[in-house]
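*Asks:* This is the structure, below, for whatever I ask next.
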Amino acid sequence: MPSLNVKRIESDIEKYIPLIIQRECHDELIKTITITSCKLSKDFSYCKVYFTSLSPLSKKEIEKEVNEASSFIRGKLAGLIDARSIPFLEFTYDESIEYGNKIENIIKKIHEKDNKDSLD
């Protein structure tokens, strides 16, 4: 179980990265992302930041663009977070929303099939 300090810094990262993106980044593609969560390592050196985007570009292209801006975001984060060191940020596209929608559609199809079978 993560310590309270890890949770606090994760929470700060989740709070400040969207602010940095909206206020400081000039790349319109990066402004299309939404941070969904983050996972900070126990030694505070690495943070995996999960995001989604409504951009029509592929997930890999968006990931590449955002990761190219990660050092800029990390630098801005240093002035906002009360920590000895700022973790290396790796941005990863969050597949969980799409996966949830896929499961929901499967369940919906099953219910529709059951309803058709009960009518026959």
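*Asks:* Here's a check for you: in the range 15-41, which residue that is over 14 Å from LYS76 (Cβ atoms) and either open to solvent by 70 Å² or more (accessible area, probe 1.4 Å) or among the basic types (Lys, Arg) (or both) is nearest to the chain's Cα centre (by Cα)?
*Replies:* THR34
*Asks:* How many residues are among the hydroxyl-bearing types (Ser, Thr, Tyr) and at pLDDT below 90 when one looks only at the range 63-120? Steps first, please.
*Replies:* Taking the range 63-120 as the starting set, the residues that turn out to be among the hydroxyl-bearing types (Ser, Thr, Tyr) are 70-71, 85, 92-93, 96, 99, 118.
Applying the additional criterion that residues be at pLDDT below 90 yields 85, 96, 99, 118.
The number of residues fulfilling the criteria is 4.
*Asks:* List every residue pair whose Cβ atoms sit under 9 Å apart, with the two residues 6 or more apart in sequence or on different chains, where the first one lies in the range 17-42 and is within 17 Å of ILE86 (Cα to Cα) and in contact (Cβ under 8 Å) with a residue 60 or more places away in the chain and the second, anywhere, is of a type in the set (Ser, Thr, Tyr) and open to solvent by less than 20 Å² (accessible area, probe 1.4 Å).
*Replies:* Short answer, once both residue conditions are applied: none.
*Asks:* If you don't mind, another one. Filter the range 44-60 for residues that are exposed (fewer than 13 other Cβ atoms within 10 Å of the Cβ) and modelled with pLDDT of 90 or more; which is nearest to ASP94 (Cα to Cα)? Spell out how you get there, then give the answer.
*Replies:* Start the filter on the range 44-60 by keeping residues that are exposed (fewer than 13 other Cβ atoms within 10 Å of the Cβ), which leaves 45, 54, 56, 58, 60.
Next, only the ones that are modelled with pLDDT of 90 or more stay: 45, 60.
Values: SER45: 21, LYS60: 12 Å.
Among residues in the range 44-60 that are exposed (fewer than 13 other Cβ atoms within 10 Å of the Cβ) and modelled with pLDDT of 90 or more, the one nearest to ASP94 (Cα to Cα) is LYS60.
The values are calculated or read from the model by the stated rules, or taken from the named source; none is laboratory data. None of the values given here were measured: they were computed from a predicted structure. Methodologically, a virtual Cβ is constructed for each residue, glycine included, from the backbone with ideal geometry; neighbour enumeration extends over all protein chains shown. The accessibility values were calculated without ligands, DNA or RNA, using every heavy atom of the protein model including side chains. Shrake-Rupley method; radii C 1.70, N 1.55, O 1.52, S 1.80 Å.
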